[in-house]
Amino acid sequence: QVPLKPGRSLMDWIRLTKSGKDLTGLKGRLIEVTEDELAKHNKKEDCWICIRGFVYNVTPYMEYHPGGEDELMKAAGTDGTDLFDQVHRWVNYESMLKECLVGRMAVKPIAAPKGESFKNEIISIMLYSVLCIFFLLYFVFYSYDWFQTESLITIVIYTKQKDMNAELVMVDCQDKQLRGEIIVDDHSYLVEIDLDHAVQEDLTVNIAEKVGKVEIILKKKDNTHWKMLGQPLKGHNTFIKHTDRGLFYRKCKLVSKTEVTHDTKLFCLQLPKSTHLHIPTGQHIYLKQVIAGTEIVKPYTPVLPFLPLDFKEPSCRDGAHIYLMIKIYSCGLFTQALDHLQIGDCISVSNPEGNLKKSKVQTAEELFLLAAGTGFTPMVKLLNFALTEVSCLRAVKLIFFNKAEEDILWRNRLEQLALKDERFEVQFILSQPTKDWVGKQGKISSSLLSEFVKRSRKDSKVLICICGPTPFTEQGVQ
């Protein structure tokens, strides 16, 4: 993120979009945009960008973009979909930029191939068809069935995945609409049905890990005999790339809000009884709120309700609650709205996303965690997993950067853990300490890291994880 000029906050942008001002320069008209036309608008003072087939005039948004003008200019006059997906697929750009919509991209005419090129085209189509058949045959074992008793409906999904577990299965049942998604590597299989009859709120999910069978058990609201399971919805019975699914949200209730430091709070959200969701280590979720008529979405990494001091046994996994440690910014539109939520209020929570593979941690002998501020949050579950379940780990070291002592999250627990578990060490580094601070001070740098990030043996397998504000992360990676 970059510092924005005064009067260029998210709230200021929302006010501008609702002012009635013509932000496209087309006086309300929508046009069809050719590639040539799009390419002409590639300057800061005249910038159009295409996202998923729709073209937006982002010129008026330049000064309001939290990532800065240079980031927007990377996609100026081009299709920016891939770049957008890499950086912030979760942002609801349709809502944020609806007043900047220029129109749709024009469909390019395809010239008919001739002669030798036609022959090559036929060969390409045949090869593609063969690959599609192999793809379908490979995934054909994904299937589902259902049966009923007097009081229950059971949907059975057969995946043949031998390492199936609760974190790979997400189930929601809202207003008779059942959605069950199963993650397989970077793809997902979806069962999505408008049920024939109403069911009770609570559901049960059983997983046979060795054979990959998933059972979703629903309780009938009455003992009616169902003639059919229901009507299939748009994504039903499909197997596609997980990132192509789009984000799915459910309403979660705020059940507690406790102070961690002077500006950071621990929020506890309760999942609906009709939801089965376990968030994997290293993955994040998105919170969505409608603020001043605009949908705002932000990512957060769930933590544990507290930092355990005994990692000898796997901690009890609470599948009913999500804990989020969130810094409340005085000028932050989203976090201020979060802080004003009352106990019992609801907020939309997405399915989890993330790329961390547990196998990377499971093969490490030494784990270094570099965190700045609330960049500490992904480290909490990672610490829990590493110290509980990774037998080959000899050492885990947290290098925790903050501005002042009062900013250090869970300091006492971290210090107690370091005393209790000989594998764990924590080093606090402050950039704006008081004169009483006797520990290390400074910002992330080569000299500081070379002092703390060292192999204990020459051939030791090391994993380094880093999280914090963008400048901190970029500097750390360098």
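The values are calculated or read from the model by the stated rules, or taken from the named source; none is laboratory data. All values reported here derive from a predicted model rather than from experimental measurement. Cβ coordinates were reconstructed from backbone atoms using ideal geometry, including for glycine residues, and neighbour counts include every protein chain displayed. Side chains are part of the model used for accessible areas, which takes the heavy atoms of the whole protein and leaves out ligands, DNA and RNA. Shrake-Rupley method; radii C 1.70, N 1.55, O 1.52, S 1.80 Å.
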**Report entry** Condition check for PRO3: assigned to a helix (DSSP H, G or I) and either free of Cβ contacts under 8 Å to residues at least 12 places away in the same chain or not acidic (Asp, Glu) (or both)
**Finding:** no
Requested in this report: Identify the single condition in (1) assigned by the TED database to the domain that holds VAL260; (2) modelled with pLDDT under 95 that ARG423 does not satisfy, given that it satisfies every other one.
Outcome: (1)
**Report entry** Subset of the range 180-219 [touching a residue at least 60 places away in the same chain (Cβ under 8 Å) and out of contact with any strand residue (DSSP E or B) (no Cβ under 6 Å at 6 or more places or on another chain)]
**Finding:** GLU201, ASP202
Query raised in the report: For the subset of the range 257-281 comprising residues that are open to solvent by 40 Å² or more (accessible area, probe 1.4 Å) and assigned to a strand (DSSP E or B), which member is farthest from GLU181 (Cα to Cα)?
Result: GLU259
Query raised in the report: When you scan the range 208-247, how many residues do you find that are closer than 30 Å to HIS88 by Cβ, part of a loop (DSSP other than H, G, I, E, B) and basic (Lys, Arg)?
Result: 2
Requested in this report: Residue by residue through the range 6-40, note down the ones that are within 24 Å of VAL297 (Cβ to Cβ), hydroxyl-bearing (Ser, Thr, Tyr), in contact (Cβ under 8 Å) with a residue 24 or more places away in the chain and assigned to a loop (DSSP other than H, G, I, E, B).
Outcome: SER9, THR24
Query raised in the report: Out of all the residues in the range 422-447, which are closer than 30 Å to SER391 by Cα and exposed (fewer than 12 other Cβ atoms within 10 Å of the Cβ)?
Result: GLU422
Query raised in the report: Does the range 366-379 include one or more residues that are in a helix (DSSP H, G or I), within 25 Å of ILE326 (Cα to Cα), among the hydroxyl-bearing types (Ser, Thr, Tyr) and assigned by the TED database to the domain that holds PRO469?
Result: yes
Requested in this report: Could you list, in sequence order, all residues of the range 395-446 that are touching a residue at least 40 places away in the same chain (Cβ under 8 Å), in a loop (DSSP other than H, G, I, E, B) and β-branched (Val, Ile, Thr)?
Outcome: ILE408, ILE444
Query raised in the report: Hey, PRO66 hits all of (1) surrounded by fewer than 17 Cβ atoms within 10 Å (Cβ to Cβ); (2) in contact with a Leu (Cβ under 8 Å, 6 or more places away or on another chain); (3) at pLDDT 90 or above but one; which does it fall short on?
Result: (3)
Query raised in the report: Just wondering, is there one or more residues in the range 343-360 that are crowded, with 19+ Cβ neighbours inside 10 Å, within 28 Å of CYS252 (Cα to Cα) and hydrophobic (A, V, I, L, M, F, W, C)?
Result: yes
Query raised in the report: Which residues, taken from the range 45-79, are in contact (Cβ under 8 Å) with a residue 40 or more places away in the chain and farther than 20 Å from GLY103 by Cβ?
Result: GLU63, TYR64, PRO66, GLY67, GLY68
Query raised in the report: Across the range 79-96, which residue is modelled with the highest pLDDT among those that are surrounded by fewer than 17 Cβ atoms within 10 Å (Cβ to Cβ) and of a type in the set (Val, Ile, Thr)?
Result: THR81
Query raised in the report: Taking the condition open to solvent by less than 30 Å² (accessible area, probe 1.4 Å), in contact (Cβ under 8 Å) with a residue 40 or more places away in the chain, in contact with a Ser or Thr (Cβ under 6 Å, 6 or more places away or on another chain) and in a strand (DSSP E or B), does LEU324 pass?
Result: no
Query - Residue check, ILE49 out of contact with any Gly (no Cβ under 7 Å at 6 or more places or on another chain) and surrounded by 19 or more Cβ atoms within 10 Å (Cβ to Cβ) - result: no
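For (1) under 13 Å from ALA395 (Cα atoms); (2) touching an Asp or Glu at 6+ places or on another chain (Cβ under 8 Å), each residue gets a yes or a no:
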| residue | (1), (2) |
| --- | --- |
| LEU414 | no, no |
| LYS420 | no, yes |
| ARG423 | yes, no |
| PRO433 | no, yes |
| ASP436 | no, no |
| GLY439 | no, no |
| GLU451 | no, no |
| ARG455 | yes, yes |
| ASP459 | no, no |
**Report entry** Filter result for the condition that a residue is surrounded by fewer than 18 Cβ atoms within 10 Å (Cβ to Cβ), more than 20 Å from the chain's Cα centre (by Cα) and farther than 30 Å from PHE424 by Cβ, over HIS242, HIS236
**Finding:** HIS236
Query raised in the report: If you go through the range 30-40 one residue at a time, do you hit one that is in contact with a Gly (Cβ under 7 Å, 6 or more places away or on another chain), open to solvent by less than 70 Å² (accessible area, probe 1.4 Å) and over 12 Å from VAL102 (Cβ atoms)?
Result: yes
Report summary line: By residue number, the members of the range 286-320 that are among the aromatic types (Phe, Trp, Tyr) and modelled with pLDDT of 90 or more are TYR286, TYR300
Report task. Could you please let me know if ILE153 is at pLDDT 85 or above, in the same structural domain as LYS219 (by the TED database) and buried (at least 17 other Cβ atoms within 10 Å of the Cβ)? Result -> yes
**Report entry** Which listed residue, of VAL438, VAL462, is farther than 24 Å from GLY354 by Cα and of a type outside the set (D, E, K, R)
**Finding:** VAL438
